[in-house]
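Comments concern the structure below.
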Amino acid sequence: MPETSSDSGLFMFWGFKKMAAVDDMTTESMAIPRPLSIAPMLDWSDRHFRYFFRLISRRVLLYTEMVTTSALLHGDREKLLDYSCEEKPLALQLGGDDPKKLAECVRIARDYDYDEVNLNVGCPSDRVQSGRFGACLMAKPQRVADAVHEMKKVSSIPVTVKHRIGIDGLEGYDDLADFVRIVLEGGCDRFIVHARIARLSGLSPKENRSIPPLRYAQVYRLKNDFPQSLIDINGGVTTLQQVLSHLEHVDGVMVGRAAYGHPYAFSLADQVIFADCAPQKSRGRIIEAMAEYLDRQLTESSTSVHKIINPMLNLFKGKPAARSWRRFLSENIHKSSDPVGLLLDSVKIIPAQVLQEVSTFSTP
């Protein structure tokens, strides 16, 4: 995998500094600030979504879907870990509760040149809870710290933790601060904090993304109390204006489902967040690039056409003829003998002005 481009412009723009070394960890494994990232999302953050979103932003940190230790240790490692160099910078998210197994998974992943490895301590699903990992690990901060410590022993890249502000029975700020304090002792390079409690009983994963109230102030307070640590915020962020607002209080912002619900809303992320002067791509140019990608994938693999098309379906969200275009692709792409040609022809549904226009931005 080729190296990613320099982040020196990022540091100059935001004035960020690298985190001080923790215990005996090497500086090579220290995290750099990532002011904007796209969350790991089950059934969404696959390599096709990542390739598509990379056409929108070259700089935003992307994540894989969560890969469990069991799947990686006993399954098809190449299928689970492989990606195209265009997807970088890219982080691998792991799910598990056994420090030794997590470390072995990090060792396996080293050859794939990820930019970060992240431990999932935020997912509230029943399936994840039955495996004793995800959000329920917030009740076992020392185990999380041990896992991070073991992972860092075999890693030359940052090891980070994504977690909630709390879970059932551990809902106060002091509980959150204690969790961070203990995990920090294990060497955690960055904390990505979903600003909602996870209800481990009574709510579905979908309900856990909306029903518990957002408590941004707790994450801001966390950054204030742990000023030398990198603290990112997650939950309810849908616009670049909101990203900028949060960055006044924390080191980074993670965007979730808005990234596929309204992906082009982040087309100016490189310029606004990273001070990158490269021009943004129009929606029409993105369609052309995805048609080329679709052609390569159909030639080189047996990937489902729908898997490649699905990330694109909200590209024209809020624009004239967007619904007609989406319906046309959804209903016809699987029946076509020439899906690449169909994708290119589909843009005739969209007004030319919409295809060619690019976003503008004004501060709040």
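The values are calculated or read from the model by the stated rules, or taken from the named source; none is laboratory data. Computed from a predicted structure; not experimentally measured. Heads up, the Cβs are rebuilt from the backbone with ideal geometry, glycines too, and the neighbour counts pull from every protein chain shown.
Could you tell me how many of the residues in the range 50-81 are of a type in the set (D, E, K, R) and farther than 25 Å from residue 107 by Cα?
The qualifying residues number 3.
Across the range 93-114, what is the number of residues that are of a type in the set (A, V, I, L, M), crowded, with 18+ Cβ neighbours inside 10 Å and touching a Leu at 6+ places or on another chain (Cβ under 7 Å)? Can you show your working first?
Step one: of the range 93-114, the residues of a type in the set (A, V, I, L, M) are 94, 102-103, 106, 108-109.
Among the residues that remain, those that are also crowded, with 18+ Cβ neighbours inside 10 Å are: 94, 102-103, 106, 109.
This time we only want the ones that are touching a Leu at 6+ places or on another chain (Cβ under 7 Å), so: 94, 102, 109.
Adding up the residues that qualify gives 3.
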Checklist entry - Regarding residue 326, is this residue modelled with pLDDT of 95 or more, over 23 Å from the mean Cα position of the chain (by Cα), surrounded by 14 or more Cβ atoms within 10 Å (Cβ to Cβ) and not aromatic (Phe, Trp, Tyr)? => result yes
Next on the checklist: Please count how many residues of the range 288-330 are hydrophobic (A, V, I, L, M, F, W, C), touching a Phe, Trp or Tyr at 6+ places or on another chain (Cβ under 9 Å) and farther than 21 Å from residue 358 by Cβ.
Outcome noted: 1
Checklist outcome for this item: The lone condition residue 280 fails out of (1) surrounded by fewer than 18 Cβ atoms within 10 Å (Cβ to Cβ); (2) part of a loop (DSSP other than H, G, I, E, B) is (1)
Next on the checklist: It is to be established whether one or more residues within the range 116-132 are among the hydroxyl-bearing types (Ser, Thr, Tyr), under 28 Å from residue 171 (Cα atoms) and either outside the structural domain of residue 209 (by TED's automatic domain parsing) or in a loop (DSSP other than H, G, I, E, B) (or both).
Outcome noted: yes
Checklist entry - All but one of (1) outside any helix (DSSP H, G or I); (2) more than 29 Å from residue 150 (Cα to Cα) hold for residue 192; which doesn't? => result (2)
Checklist entry - Considering the range 224-257 alone, what residues qualify as being in contact with a Leu (Cβ under 9 Å, 6 or more places away or on another chain) and part of a helix (DSSP H, G or I)? => result 240, 243
Checklist entry - Scanning for something surrounded by fewer than 21 Cβ atoms within 10 Å (Cβ to Cβ) and among the polar types (S, T, N, Q), does the range 157-172 turn up at least one residue? => result no
Item to check | Selection status of residue 288, surrounded by fewer than 18 Cβ atoms within 10 Å (Cβ to Cβ), among the charged types (D, E, K, R) and touching a residue at least 12 places away in the same chain (Cβ under 8 Å) | outcome: yes
Item to check | the range 205-242: number of residues that are surrounded by 15 or more Cβ atoms within 10 Å (Cβ to Cβ) and over 20 Å from the mean Cα position of the chain (by Cα) | outcome: 8
Checklist outcome for this item: Among helices (runs of 4 or more DSSP H) entirely inside the range 33-107, those with 2 or more residues being at pLDDT 95 or above and within 30 Å of residue 270 (Cβ to Cβ) are 47-56, 77-81
Checklist outcome for this item: When (1) surrounded by 18 or more Cβ atoms within 10 Å (Cβ to Cβ); (2) at pLDDT 95 or above are applied to residue 345, the one that fails is (1)
Item to check | Residue check, residue 197 over 26 Å from residue 57 (Cβ atoms), surrounded by fewer than 22 Cβ atoms within 10 Å (Cβ to Cβ) and of a type in the set (Val, Ile, Thr) | outcome: no
Next on the checklist: Condition (residue is within 22 Å of the chain's Cα centre (by Cα), among the hydroxyl-bearing types (Ser, Thr, Tyr) and farther than 30 Å from residue 245 by Cβ) applied to the range 279-295: is it met by at least one residue?
Outcome noted: yes
Checklist entry - Can you find a residue in the range 328-346 that is in contact with a Lys or Arg (Cβ under 8 Å, 6 or more places away or on another chain) and either within 25 Å of residue 61 (Cα to Cα) or not assigned by TED's automatic domain parsing to the domain that holds residue 237 (or both)? => result no
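Among 302, 245, which is the only one that is touching a residue at least 40 places away in the same chain (Cβ under 8 Å), surrounded by fewer than 18 Cβ atoms within 10 Å (Cβ to Cβ) and at negative phi? Give the steps one after another, and end with the answer.
Working: 302 fails: touching a residue at least 40 places away in the same chain (Cβ under 8 Å).
Selected residue: 245, the only one of 302, 245 that is touching a residue at least 40 places away in the same chain (Cβ under 8 Å), surrounded by fewer than 18 Cβ atoms within 10 Å (Cβ to Cβ) and at negative phi.
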Checklist outcome for this item: The number of residues in the range 248-278 that are more than 18 Å from residue 55 (Cα to Cα), touching a residue at least 24 places away in the same chain (Cβ under 8 Å) and charged (D, E, K, R) is 1
